[in-house]
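Only the coordinates and a few stated rules stand behind these numbers; no lab work does. All values derive from a computational prediction rather than experimental measurement. No Cβ is skipped: glycine too gets one built from the backbone with ideal geometry, and neighbour counts run over all protein chains shown.
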Amino acid sequence: MSIIFSNVYKTLRQKSKKSSVFSSVDAKFEDYRITGVLAPPGAGKSTLISLASGRLRPDKGRVNRSSNVSFPVGGGGVFNGLLTARENIAFLCRVAGFDPKPILKFVIEFGELNAAIDRQFRTLNRDERTRVLFTSVYAIPYDFYLADEVIIGGRGSFRERCKTLVEERMKTAGFLIATSSPAVLKAYCNDFAIIDQGTIRMVESKHIAEQMIGKARLKDGDGSAEHASDEMEMAIPR
């Protein structure tokens, strides 16, 4: 099972300006590998993940998904703010073909959500939203998980439990991680690629990836976030 990009082109419009992000991209990501795609800020990491998830469609070419692919880790854009957290998770489970009951039980217990699970998602505080988002994506047993910079979220004991849960998922599923941090590649990945001049190139090691991009264009990070980002929260329908 895999995600395959075949001759993919993608242009994004920002106000009156068009920017070419990808041109003639051919790439294959296997669901039994942890692939890190290294790129500087603004090079197309979020576009890559959106294309892989199906949120964006290519202007030309095809993205084929033969795996059950997650929504982006920590991403709130798939949650409807007017529905409860329980209703949102149940909907995602059914779309992916899973029984929502055991998954909801896990989310409530792991995220220590209690009554918060039955409140409208838009009414949850930032800590509750973060626990819902990061727990729900890993609670659903996808074949392939997609991450845009952030892999682990939350604070205190939840953060540590989240890290352990990610390590467990990495034993049985593939990950496609788009990042600007060489440290993330070192910590998690066994396959490596870069975004370079509008295309995706597989490389042999994390060191080669860093050398090809250039250390000065990259940034430090460990793939974690205390809260879901403002961008994630803004994506939630209200």
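Checking each residue in segment 57-94 for being closer than 22 Å to Ser46 by Cβ and free of Cβ contacts under 8 Å to residues at least 12 places away in the same chain picks out only Arg57. Of the numbered criteria (1) surrounded by fewer than 18 Cβ atoms within 10 Å (Cβ to Cβ); (2) of a type in the set (Gly, Ala, Ser); (3) more than 22 Å from Ile4 (Cα to Cα), the one Gly198 fails is (3).
Of all residues in segment 132-169, exactly one satisfies the criterion of being surrounded by fewer than 18 Cβ atoms within 10 Å (Cβ to Cβ) and in contact with a strand residue (DSSP E or B) (Cβ under 6 Å, 6 or more places away or on another chain), namely Lys163. Pairing residues of segment 26-53 that are assigned to a loop (DSSP other than H, G, I, E, B) with residues that are among the hydroxyl-bearing types (Ser, Thr, Tyr) and buried (at least 24 other Cβ atoms within 10 Å of the Cβ), at Cβ distances under 9 Å and at least 6 apart in sequence or on separate chains, gives Ala39/Thr179. Looking only at residues of segment 1-20 that are among the aliphatic types (A, V, I, L, M) and surrounded by fewer than 22 Cβ atoms within 10 Å (Cβ to Cβ), we find that the one that is farthest from Thr199 (Cα to Cα) is Met1. Counting the residues of segment 180-199 that are touching a strand residue (DSSP E or B) at 6+ places or on another chain (Cβ under 6 Å), hydroxyl-bearing (Ser, Thr, Tyr) and closer than 26 Å to Leu12 by Cβ gives 1. Out of the residues in segment 79-101 meeting the condition of being assigned to a loop (DSSP other than H, G, I, E, B) and of a type outside the set (A, V, I, L, M, F, W, C), tell me which one is surrounded by the fewest Cβ atoms within 10 Å (Cβ to Cβ). That would be Gly97.
A quick yes/no check of all residues on (1) out of contact with any Gly (no Cβ under 9 Å at 6 or more places or on another chain); (2) under 19 Å from Gly97 (Cα atoms); (3) not β-branched (Val, Ile, Thr):
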residue: Phe29; (1), (2), (3): no, no, yes
residue: Lys45; (1), (2), (3): yes, no, yes
residue: Arg55; (1), (2), (3): no, yes, yes
residue: Asn68; (1), (2), (3): no, yes, yes
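When the test is whether a residue is buried (at least 20 other Cβ atoms within 10 Å of the Cβ) and either within 29 Å of Tyr188 (Cβ to Cβ) or of a type outside the set (A, V, I, L, M, F, W, C) (or both), Ala27 passes it.
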